[in-house]
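Values in this text are rule-based calculations from the coordinates and carry no lab data. Quantities reported herein were computed from a predicted structural model and do not represent experimental measurements. All Cβ positions, glycine included, derive from the backbone under ideal geometry; neighbour counts span all protein chains shown.
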Amino acid sequence: MTGTLLIMQIVLVVFITIAVLLQKSSSIGLGAYSGSNESVFGAKGPSGFLAKATFFLGFLFVVNTVALGYFYAQSKNKSVVDAMIESTDIAAPAAFAPPVIPTPTHQEDNGSK
């Protein structure tokens, strides 16, 4: 479970980085692609869409981070001894049984009375 969430975290980081870099800045960084009124995103360009997408991706990032923290904290509640017991296939010894003491049997006398 934590492996899946960790991969999702990395993917979210990449998408958030791309969404932030595509937004229009004051120095017209990588956001210089928008300028047409007939764009796919409407007359205002992708600024509204990218802002909403960035917010949504940021929200998913925070939720994923909290979930990762929760699952990692749950795995840390186990002690080292518990992990060793779970990983070994050594069976516990059987319950201690006292040694069996033979009872004396009746022996015949050879007539020595």
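Numbers below:
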quantity	calculated
Point-to-point label distance, Phe55-Leu21, nm (Cα→Cβ direction, 7 Å offset)	2.5
Residue order, fewest to most surrounding Cβ atoms within 10 angstrom, among Thr4, Thr65	Thr4, Thr65
Sequence of Ile16, Ile10, Ile101 once ranked by neighbouring C-beta atoms within 10 Å, starting from the fewest	Ile101, Ile10, Ile16
